[in-house]
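Here the structure is laid out as structure tokens; the discussion comes afterwards.
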Amino acid sequence: MAEMHATAADGSRVPLPRQAVQSLGARLRGELLLPDSAGYEEARRVWNGMIDRQPALVARCVETGDVLHAVEFARSHGLLVAVRGGGHGVAGHGTCDGGLVIDLSPMRDVAVDPAAATVRVGGGARLLDLDAATQAHAVAVPAGVVSDTGIAGLTLGGGLGWLRNKHGLTCDNLLSAEVVTAQGEVLTASGDSHPDLYWGLQGGGGNFGIVTEFTFRAHPVGPEVWFTAAFHDGRHMKEILRFFREYTATAPDEVSTLAACGRFPPGAEAFPEEVQGLPYVLLIGMAAAPPEEGERLMRPLQEFRRPLVDMSGPQRYVQAQQFFDEDYPQGLRYYWKSLNLRDLSDEAIDRIVEHALRQPSPLSTTDIWHIGGAVRRRDEAESAFAGRRAAFLLNCEANWEDPADDGANIAWARRFLADMQEYSDGSRYLNFPGLYEEGNDTMRTTFGERYRRLAALKATYDPTNLFRLNQNIPPAAEAERHGGSVTR
Ligand SMILES: Cc1cc2nc3c(=O)[nH]c(=O)nc-3n(C[C@H](O)[C@H](O)[C@H](O)COP(=O)(O)OP(=O)(O)OC[C@H]3O[C@@H](n4cnc5c(N)ncnc54)[C@H](O)[C@@H]3O)c2cc1C
């Protein structure tokens, strides 16, 4: 029987006996896909069209047992491993060249316990799965703003959405997680069980194990909410961003907003012909309140000047959660990179506007997320997430179609952020990491003093760095660990 080859964790090529591969396939309840399997072509791809990789194997897991078998196989053969939840990781870590993809995307079950106001969510669920199940009981878990995004990556990196200022980040609502570790154990991480692991899962990324199930706290929301989407005339960008700064300074926790600077795409049916090609500033957000109260709280965003296009109104929560969906199709080319801003001074606004207006692609936007309320109030020490002290998160979203434009679009975002460094402590939001090309430097800058604790945690739960294709924190060397506070 012919031997296969695969990529090892250290990048070398290693033999993979076919018999072992067949035996893994027989043990899985889900499918094991090889390059010649039907469905492989789709399974190797992720959302970002920039990423074009060919794994040796894709294990489509349908239950925790499948994840265990896949981890065991990867460890015993020393393979390079990619872990996939919703496949929307911007840097494309959900696939790899030559290694094993542990793909949880079939694990999309969501179970709501309305009496306890808790929700159990499979490790491969998307936001739309979560929203549909929770809204059947008029509750919601804070998530992101595009419904196809995976809950797993979103939660492990933080999770910014339309409920954040009232109810916190997605990770702030995590009550417990079932985790398959690199050593092949199944642990429950919560406030009472492996509390250090629980701390690390709240913003430390996919470093510490594979989460097969999340349990979240849910809050009464909807079914109708007030949703503001006011496209203002971008020829007055500076004035609009200054207004946005003033508005967010006093807005109540119920309101979570962002300002997106872009250009009305030529030929788009959703917009009148006379605005196509013009720059806009979209002031957009949701009020976690009854719709009438939400309208009152958010009215200034529509009224301080007349919007060119106004799509604001009461909406079903699930509909508002899908407002942006069509703008982010799978397979387009994306480079999203962020920087936490200390504040939004007039000088910072001037610089943002200068770069925003130079975006090479009409599909790109410059997003400024207001970080306030419950996100800022949570004690920084309680979770690994970095970025609670930021007033705003700046995200350069380069979105384009033609591979020939890769250079110009990536250069735009990089130059933009380099020029904004002086308004920041240099930390980034790890769910908007570009292609993670700065590697571990980003992690050290972002986590600051907490980096050591994360590296010690990594050494405890993944000492060989099996889970390395992520925003990676290599395990601390033995000597460094004495400073960490890891307990099991
Ligand atoms: C269209 C779009 C919209 C977005 N909107 C928002 C938003 O509104 N707010 C926001 O905060 N972020 C947003 N993001 C960023 C998003 O949070 C990250 O891209 C996130 O990583 C996506 O998670 P995923 O599970 O889909 O990705 P994947 O590519 O499947 O996973 C990303 C990484 O997470 C880890 N991982 C995935 N699943 C597991 C698991 N089960 N156990 C352990 N580790 C795992 C792995 O390290 C993996 O490499 C958006 C991204 C996209 C593409």
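The values are calculated or read from the model by the stated rules, or taken from the named source; none is laboratory data. Computed from a prediction, not measured in an experiment: that's the story for all the values here. FYI the Cβ positions are ideal-geometry reconstructions off the backbone, even for glycines, and counts take in every protein chain you see. These area figures cover heavy atoms from the full protein model, side chains too; ligands, DNA and RNA do not enter into them. Shrake-Rupley method; radii C 1.70, N 1.55, O 1.52, S 1.80 Å.
The trypsin sites (Lys or Arg not before Pro) of the stretch 364-450 that DSSP puts in a loop, and whose beta carbon has at most 13 other beta carbons within 10 Å, are ARG389. Phi angles of the stretch 229-245 translate, via the Karplus equation with coefficients 6.51, -1.76, 1.60 and θ = phi - 60°, into HN-Hα couplings of 9, 10, 8, 9, 5, x, 6, 10, 4, 5, 4, 5, 5, 5, 4, 4, 4 Hz per residue; Gly and Pro are given as x.
Among the trypsin sites (Lys or Arg not before Pro) in the stretch 326-367, those located in a DSSP loop and surrounded by at most 16 other Cβ atoms within 10 Å of their own Cβ are ARG342, ARG358. Taking 1.306 mPa s as the viscosity and 10 °C as the temperature, the Stokes-Einstein diffusion coefficient of the stretch 4-103 based on its alpha-carbon Kirkwood radius rounds to 120 µm²/s. Give the distance, in whole Å, between the Cα centre of the stretch 124-149 and the Cα centre of the stretch 298-346. The two parts, judged by their Cα centres, are 18 Å apart. Need one number: the % of Cα-Cα pairs in the stretch 374-488 sitting beyond the 26 Å mark. Counting every Cα pair in the stretch 374-488, those more than 26 Å apart make up 31 percent.
Here the stretch 224-440 is treated as a Stokes sphere of Kirkwood radius computed over C-alpha pairs; at 20 °C and 1.002 mPa s its diffusion coefficient rounds to 119 µm²/s. Axis of helix 291-303 versus longest Cα principal axis of the chain: the two differ by about 60°, to the nearest ten degrees.
With R₀ fixed at 30 Å, the C-beta to C-beta distance from ASP402 to ARG358 puts the FRET efficiency at about 0.95. When the charge dipole of the chain is built from unit charges on Cβ atoms (+1 for Lys and Arg, -1 for Asp and Glu) and taken about the Cα centre, the candidate among THR7, GLY87, ALA456 whose Cα reaches farthest toward its positive end is ALA456. Placing pseudo-labels 7 Å out from each Cα toward the beta carbon at ARG316 and THR250 gives an inter-label distance of 3.7 nm.
The angle between the Cα long axis of helix 18-27 and the main principal axis of the chain comes to about 60°, on a 0 to 90 degree scale.
Relative to the longest principal axis of the Cα atoms of the chain, the long axis of helix 346-356 makes an angle of roughly 70 degrees. Our compactness index for the chain, the C-alpha radius of gyration over the empirical 2.2 N^0.38 Å, is 0.96. Ligands, DNA and RNA are left out, and with a 1.4 angstrom probe the accessible area of the chain is 38 Å² per residue. Amide H contacts for ALA289 (H built 1.01 Å from N in the peptide plane; partners 5 or more residues away or on another chain; cut-off under 5 Å): TRP226. Sparse packing (at most 10 other Cβ atoms within 10 Å of the Cβ) combined with a DSSP loop state is found for none of the trypsin sites (Lys or Arg not before Pro) in the stretch 1-79.
In this simple spin-label model, placing a label point 7 Å from the Cα along the Cα-to-Cβ direction at both ARG29 and HIS5 gives a separation of 3.7 nm. Bridgeable aspartates and glutamates around LYS458 (alpha carbons under 14 Å apart, same-chain partners fewer than 8 residues away excluded): ASP196, GLU478, GLU480.
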